[in-house]
Structure formats: structure tokens, C-alpha cells
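Undergrad: My questions all concern the structure below.
Only the coordinates and a few stated rules stand behind these numbers; no lab work does. Only a predicted model underlies this, so the values are computations on that prediction, with no experimental measurement involved. Note that each Cβ is placed from the backbone with ideal geometry, even for glycine, and that neighbours are counted across all protein chains shown.
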There are 2 protein chains.
Amino acid sequence: MELYTERGFEQTTVAEIAERAGLTKRTFFRHYTDKRDVLFAGAAALQTLVVDSVAAAPPGLAPIAAVAEGLGTAAATTFADHDGVPRARQAVIEANPELQERELVKLATLGAAVTEALRGRGVDGPTARLAAEAGITAFRIAFERWITGPPERALHAVLRETFDDLRDVTSRVAEGRGASPGARADA
Amino acid sequence: MELYTERGFEQTTVAEIAERAGLTKRTFFRHYTDKRDVLFAGAAALQTLVVDSVAAAPPGLAPIAAVAEGLGTAAATTFADHDGVPRARQAVIEANPELQERELVKLATLGAAVTEALRGRGVDGPTARLAAEAGITAFRIAFERWITGPPERALHAVLRETFDDLRDVTSRVAEGRGASPGARADA
DNA sequence: ACCTTGATGGCACCAGGTGACATCACTCGA
DNA sequence: TCGAGTGATGTCACCTGGTGCCATCAAGGT
């Protein structure tokens, strides 16, 4: 992290990282599969947190609501303070395409895990997938809004708002098609 | 593509690709930024197709409906036949994590472009972003369903169905929360 | 004391990717 | 017709991420 923030990700060589940590290049690659992996090593913990939280949501809750709850738990704990480690990490990631790439993979993996968690709640496959991915999308955008927004606004709250916005936005999808648009939720 | 399907992506070296194409390694890298880029070179065309289509959607249409129309156009043209090039391409991609990574980036880029197209229609930033990303999510899942589904089912139709499913799934997001589902802050 | 095991170092090596320079074909104006 | 300019390609050297293989070394158990 030090080196990445100092000189940028690309300009930092693995040999340098290893040296700074008092290790060898070879040993570095035994701990991290990638040069990028350093930034994403903690992702596994976040994933289990979310997955457990989805699984533990009140039974009978709608799939998307369970996902919202799971992601909300992560938002309230891991991302509690606005100016902590995650923010610095995000700055590094945003400065480098290779890292954004990895970030997307991490989120995709999270999506798959949440899908499985939903199926564990008895949700059918396609619906689970859709609810999980929609939730991840909401989380991604909420995180973005949170980072760029005022410090006093908690991610937890932003996330909830984003989920509502997502509902509102998608509700108008059939507009302009043959089917009666207003016959739904917004009626 | 030949080499990638024959021996897999990892096992194919750039020198081999260049040789097969009658080129040099150096020349290859002047045409493609990456070894992966070969598979995604056509993505730019798809993107402009979608963006133009979103921009050309009937004015006054809801953001998400415009996105659905844009993606629907792509679905009806580029992905017309179920067993064409895209399917073979997808098989190669699915066999390799590195390529999936790039695929996600491509979709993220598409999302950003669609966001801009929506803003060009007068949609405010946050809503545009959300509608675009939600649309991309729907497209991703629809494509997946289409690939694994029966050949006679057109992507166009699957996409429309997926959009409706997305609407239905997200509509229940406020379930289990205190506030009445329809009553948002800005209501 | 001896052996096993796990973590590390050392080293050679491969492959993706880049920079710098030479070459070659092609066009265009004097 | 010729020579300059331009763009695409080839050649070569080089860096760096990443891996395989073997040596080393400390710790713990017998």
C-alpha cells in the first residue's frame, strides 16, 4: 500500500515490494497469486460476511430484501468510517485499470456467492442470480456515491437509498411497449 | 480464434499467433494492445451500436426503457443467430478467467458509455448511472440464459423477459423495512 | 541426536509487453 | 522521374510478472 500510493501501482515492481517487506520476490508470490492480489486479499472476509448475513436474514423475506440486508451489514461494519483504509485503497484502484479489472472480478465472485446463498434460502436459480446481481450493482453504485459524497452520510444509508432508486428506475422498463405500463407497483 | 479454440488461450503464445497470421510479435502488439484484445476488438462496434440506439430512442421514454431498447437492438442484430461467432467466442472466454476479467471490463465500459448516452437525453447523472448499470446487468444475465437455453429462443425475447424479471425482483426491496414500500423520501 | 515438515531463499527460465531504430512500400509534388 | 515524407512492418534488446526446481533452515516430535 505504501509503495502503491507513493509511486503508483505500475511503477512499483514486485522486487521492490518484497524488499520493503524484507522478503524475496519468490516468497511474495507464495503469499499472493498476483501483484494485484495484495489489494484484494481481504475480499474473502467481506464475502463470507455478506454471504452469512444473507443466509441469516429472516426467513420469508424477499430475495432482493435478503441481499439488501446482507450488503447492508457489510456496509455498516467493514465500511463504517468514511475516511478509513477502504477509501485509500479505492483511490489506488481508481488510478489503475488493471486494478479495476480485478475489482470487477471480485464483485462478480461476490455475486456468484450471494446467488448460492439465496438458493440456500430456497430461491430458484434464475431469480437468485438476478437478485444477487442487481444487489451487487446497487452496492457498487452506492459505494461510488458514498465515496464522492459528504463524510457524514453513512454507506448504510446511501445503500438503502440506492436500492430504492433501483426499484423506481426499473419499474418503468415496459414503458413504450405494448403491455400496460402503469398496471404495476407504481399504480 | 483458431489457435485459442485448438489449444486454449493460455497455451497459445503470441509468437504462435503472429506466425500463423504471417506477422511478427511486435506487429501483433501494434494492432492489439493485449493478447486478450483479439477477442474483444469488435466490442467497440457493439458499443457504438448500443449507444446510438439509446440516443435514438423515442424522446420522453423512461431511462430504463431507452436502455432496454438500445440493448434490444444489439440483441436483434449482432446476436441474431444462436450458434454463430459470439457463441464460440463465449466458449473460449468461459474457459479462461483472464478473459472473463476482460469481459467484465468491456461491460463496465459499455455501462459508462450508456450512462453518457442517457445524460445526453437529459437524464440526471445518478439516475442515468443506475439505469445503465441495471440494464447491463439484465443484458449479462439474459445473454447467459440465452446461451444455455434452446436455440429457437431469440436473445431479443430473453432480454425483454429478463428486464421484466428484474423489475419484479427489485420491486420487493423494501420488504421487511419499516417504511411503506412506495413512500420514498422524495415522494 | 535424527528425521520430518513447512516456510523461505536462490536461480534459471518463460512469456507478455515496450522502446528504439531500420526497412520497405506507397504517395505526392517539384 | 526523382526524392521527401509517411505509415506499416521487421529486428533486436530489454524489462518485469510469474513459475519450477532445488537448497536451506528452523521448529517440533521421536
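Undergrad: What base-10 log of the normalised intensity I(q)/I(0) is obtained for segment A:76-126 from the Debye formula, alpha carbons as equal point scatterers, at q = 0.23, 0.31 Å⁻¹?
TA: Cα-only, vacuum Debye calculation for segment A:76-126: -0.88, -1.06.
Undergrad: Evaluate the Debye formula for segment A:47-86 with equal point scatterers sitting on the alpha carbons, no solvent, and hand back log10 of I(q)/I(0) at q = 0.15 Å⁻¹, in q order, two decimals.
TA: -0.36
Undergrad: Here's another thing I want to ask about it. Relative contact order, percent, of segment B:36-168 when contacts are C-alpha pairs under 8 Å separated by at least 6 residues?
TA: Values: 129 pairs, mean separation 40.6, N = 133.
With pairs under 8 Å counted, the relative contact order is 30 percent.
Undergrad: Under 10 Å, Cα contacts only: if you run a Gaussian network model on chain A, which one of A:61, A:99, A:23 comes out with the highest mean-square fluctuation?
TA: Of the options given, A:23 has the highest mean-square fluctuation.
Undergrad: What are the distances, in nm and sorted shortest first, from the label point of residue B:157 to the label points of the same position in each other copy, with each label point placed 7 Å from Cα along the Cα-to-Cβ direction?
TA: Values, ascending and in nm: 4.8.
Undergrad: Okay, next question. Can you run the Rg to Rh ratio on the protein assembly as shown? Use alpha carbon positions and the Kirkwood inverse-distance Rh.
TA: A ratio of 0.98.
Undergrad: Over the Cα atoms, compute the radius of gyration (one decimal) and Dmax (the largest Cα-Cα distance, rounded to a whole number) for chain B, in Å.
TA: 19.4, 67
Undergrad: To the nearest whole number, what is the average tally of beta carbon atoms from other chains within 10 Å of the beta carbons of peptide A:158-168?
TA: Counting other chains' Cβ atoms within 10 Å and averaging over A:158-168 gives 6.
Undergrad: Now a separate question. Taking the Cα centre of segment A:61-187 as the origin, how large is its charge dipole in debye, to the nearest 20, when only Lys and Arg (+1) and Asp and Glu (-1) carry charge on their Cβ atoms?
TA: Computed about the Cα centre, the dipole is about 300 debye.
Undergrad: Treat the count of other C-beta atoms within 10 Å as a stand-in for reagent exposure and order B:103, A:10 from fewest to most.
TA: A:10, B:103
Undergrad: Now, a different point. Using a Gaussian network model of chain A with C-alpha springs under 10 Å, which one of A:140, A:20, A:89 is most mobile by mean-square fluctuation?
TA: It is A:20.
Undergrad: Let me ask something else. When chain A is modelled as a GNM with alpha-carbon springs shorter than 10 Å, which of A:30, A:129, A:87 fluctuates the most?
TA: In this elastic network of chain A, the residue with the biggest mean-square fluctuation among A:30, A:129, A:87 is A:30.
Undergrad: What gaps in nm, shortest first, separate residue A:76 from its twins in the other copies when you place the label 7 Å past Cα toward the beta carbon?
TA: Here the equivalent label points are 4.6 nm apart from this one.
Undergrad: Compute the helix-to-body angle for B:97-120: its Cα long axis versus the longest principal axis of chain B, expressed 0 to 90° and rounded to tens.
TA: The two axes meet at around 40 degrees.
Undergrad: At 7 angstrom along the Cα-to-beta-carbon line, where would the label on residue B:31 sit relative to the other copies? Give the distances in nm, shortest first.
TA: Reported distances to equivalent positions: 4.3 nm.
Undergrad: Using the alpha-carbon centroid of each, what span in Å lies between segment B:1-53 and segment A:1-72?
TA: Rounded to whole Å, the Cα centres lie 30 Å apart.
Undergrad: Sort A:26, A:121 so that the residue with the fewest other Cβ atoms within 10 Å of its own Cβ comes first and the one with the most comes last.
TA: A:26, A:121
Undergrad: Right, here's the next one. Please check which bits of segment B:140-161 a label hung off residue B:83 would reach, taking the label as a point 7 Å along Cα-to-C-beta and the cut-off as backbone N under 18 Å.
TA: Counting backbone N atoms under 18 Å from the label point, the list is B:146-155.
Undergrad: Mind checking the full-extension length gain between residue B:19 and residue B:31? Use 0.36 nm per residue of separation minus the Cα-Cα distance, one decimal, nm.
TA: Residue separation times 0.36 nm, minus the Cα-Cα distance, leaves 2.9 nm.
Undergrad: Report, in deg cm²/dmol and to the nearest 500, the calculated mean residue ellipticity at 222 nm for chain A, where each DSSP H run with n ≥ 4 adds -39500 (n - 2.57) and the sum is divided by the residue count.
TA: Taking each H run of at least 4 residues, the total per residue is -21500 deg cm²/dmol.
Undergrad: Near residue B:7, within a Cβ-to-Cβ distance under 12 Å, what is the net charge of the other residues, with Lys and Arg +1 and Asp and Glu -1?
TA: That works out to -3.
Undergrad: Next question. Would you mind giving the mean number of other chain beta-carbons within 10 Å of the Cβ of each residue in A:56-65, as a whole number?
TA: Taking all residues of A:56-65 together, the mean is 4.
Undergrad: Using only atoms on other chains, find how many Cβ atoms lie within 10 Å of each Cβ of peptide A:117-126 and report the average.
TA: Whole-number average of other-chain Cβ neighbours for A:117-126 is 1.
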